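**Q** Have a look at this one before I ask anything.
Derivation of every value follows stated rules applied to the coordinates shown; laboratory data play no part. Everything numeric here is computed off the predicted structure, so don't read it as measured data. Glycine also receives a Cβ, built like all others from the backbone with ideal geometry; neighbour counts cover every protein chain displayed.
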Amino acid sequence: MKIDIQNLKNDKIILYNVLKWIVFSTVAGAVTGSLICLFLCGLKYSIHCVQNLPSWRIFLIPVGIFASYYIVKIFAPQAAGHGTDKVISAIHYRASRIPFAVVPVKIISTILTLAFGGVVGTEGPSVQIGAGFMSKIAVLFKLTEKERKKLVICGTSAALAAVFGDPIAGAIFGVEVLFVGEFFYPILLPAIISGVVSYFICIQFGIEYMTIHLNIPDLGYSTFLWIIFASIFFSLICVCHINIVEQISVLVKKIKCPMPIKIVVSSVILIISAFFLGEDILRTGEEGLEQILSGEKVQWFSWLLKSFLLAITLSGGGSGGVLTPTFYVGAATGAFFAHVFGLDTAFFGALGFVAFVAGCVNTPMAAIFLAIGMFGPMIGPYAGIVCVLVYMLVGTRSLYPTQILVQPKSDSFVLENPNDKRSWKIKPIPKVKYKHKIHSKR
């Protein structure tokens, strides 16, 4: 029997790398999971303390946003805005280097924003916490730029697994969100290990996640047509949501006035909304999301208001993520669609929830895994259709503008400049030249 020496050498190298990254990813998951637990527990305690105050507590919203804005400005300007996009930018353009000061500053600023009533999410700061800590560890261990990138992605996946309460969906999201149209397979195993370890740590710390039981209908022609119709509707609202968040930010930046005045104006809008509609419209929207998925009715315009308040909070000095409130926007959109046509609000709320994960940040695979992890395998076919269709119809838009489009969603697009992944344009239609023969009359 002939032994292939080269294959043995290759197997040795692969085995060494697998064992090496099992260790690194386990450490990344354990460290990130512990930090996210502290962050989520601190946030829960802070919100509880504020909610125990008398009804005038809504007037403390500007206090939280002012404190959040100036802590970020003084100690870590890189922590401004929503965190996931900053991490994607660091991975693509700054060799995965993230200042360590971002970690404590992001924790404190997000807690201040959310505890007092700002409308932001927990996934952005969680990603910056995990990625920032892993970037520091990579520097301490003198890892190469490629290894540092992998470790930062492990921290990202671990953070998302802790926030989602689903280790596989979180891990896939952390990999898929980087490049639109391409999946970074070499990091998949470390990302999944990090996600599983992080999720296990959170469970051990007593972090509770949403458990929802849906009535999944049988797959038939009628249901299939409603799913297609709903997907088209979801894609339109996805585009609307992305544009609201983006355009309000642009508009506020153009306004020539001091930042304290912008903070006051944004806080007043939040206070008025809470005064007339209740405090459920504030913060991440997780309670409202659970109500929708349990079949309870919500106001038809709640998705639009949540989108608007998210944009107002971020552009007005608040600190936090965009994805967790987007969960609510998607679920409320699904519930509204179902209510109009007399369908199951909980089922379509669940589909809207995962459809917005797929469409607003270009992560259809993660959205499908999230649907199956939260609602069971029976929802798989429906989630697959909705998530992929919405992902396609939303086009190149995203809540994370630093995403790189590697593979277009249609063959009609080509790269104008092969070295610039942002230079996609519509492929020109070749002009057909017709040769006319002139026949002379005899």
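**Q** GNM, the chain, Cα, under 10 Å: largest mean-square fluctuation among Glu286, Glu176, Glu296?
**A** Checking each option, the largest mean-square fluctuation is seen for Glu296.
**Q** Ranked highest first by the average count of other Cβ atoms within 10 Å around their residues, in what order do 45-55, 139-149, 270-280, 196-206 fall? Don't jump to the answer; show the numbers that get you there.
**A** On the way: 45-55: 11.5, 139-149: 13.5, 270-280: 15.3, 196-206: 19.6.
Packing order, densest peptide first, comes out as 196-206, 270-280, 139-149, 45-55.
**Q** With labels modelled as points extended 7 Å from the Cα through the Cβ direction, what inter-label distance (nm, one decimal) is found for Glu208 paired with Glu290?
**A** The modelled label-to-label distance comes out at 0.6 nm.
**Q** Quick one: length gained pulling Ala101 to Lys253 fully straight, 0.36 nm per residue minus the C-alpha distance? Intermediate values should be presented prior to the final figure.
**A** Details: separation 152, 0.36 × 152 = 54.72 nm, distance 2.52 nm.
Contour length minus the Cα-Cα distance gives 52.2 nm.
**Q** Would you kindly derive the ³J(HN,Hα) couplings of the stretch 162-170 from the backbone phi angles with the Karplus curve 6.51 cos²θ - 1.76 cosθ + 1.60 (θ = phi - 60°), listing them in order in whole Hz, with x for Gly and Pro?
**A** Karplus values, whole Hz, x for Gly and Pro: 5, 6, 5, x, 9, x, 6, 4, x.
**Q** Let me ask another. Can you give the Rg to Rh ratio for the stretch 114-196, taking only C-alpha atoms and Rh from Kirkwood? Let's see the in-between values first.
**A** Working: Rg = 13.1 Å, Rh = 12.9 Å.
Ratio value, two decimals: 1.02.
**Q** Using 0.36 nm per residue of separation minus the Cα-Cα distance, give me the extension gain between Ile228 and Leu277 in nm, one decimal. List each step's numbers first, then the result.
**A** Working: separation 49, 0.36 × 49 = 17.64 nm, distance 3.26 nm.
So the chain would gain 14.4 nm between Ile228 and Leu277.
**Q** Name all residues of the stretch 302-346 having a backbone nitrogen under 14 Å from the label point set 7 Å from the Cα of Asn215 along its Cα→Cβ direction, giving them as ranges.
**A** Answer for the stretch 302-346: 342-346.
**Q** Rounded to the nearest 0.05, what FRET efficiency do Cys41 and Lys12 have when you use their Cβ-Cβ distance and R0 = 56 Å? Before the final figure, lay out each step's value.
**A** Details: r = 44 Å, r/R0 = 0.78.
The computed FRET efficiency comes out at 0.80.
**Q** To continue, here is another question. Rounded to whole Å and sorted largest first, what semi-axes of the equivalent ellipsoid does the C-alpha gyration tensor of the chain yield via the square root of 5 times each eigenvalue?
**A** In descending order, the three semi-axes are 35, 31, 24 Å.
**Q** Under a Cβ-only charge scheme (Lys and Arg +1, Asp and Glu -1), can you give me the dipole magnitude of the chain about the Cα centre, in debye to the nearest 20? Before the final figure, lay out each step's value.
**A** On the way: 36 positive and 22 negative charges, 508 e Å.
So the dipole magnitude of the chain works out to roughly 2440 debye.
**Q** By how many nm would the segment from Phe184 to Leu60 lengthen if fully extended, with 0.36 nm per residue of separation less the alpha-carbon distance?
**A** Details: separation 124, 0.36 × 124 = 44.64 nm, distance 4.42 nm.
Contour length minus the Cα-Cα distance gives 40.2 nm.
**Q** Specify the residue with the greatest mean-square fluctuation among Thr363, Thr211, Thr313, computed from a Gaussian network of the chain linking alpha-carbon atoms under 10 Å apart.
**A** The residue with the greatest mean-square fluctuation here is Thr211.
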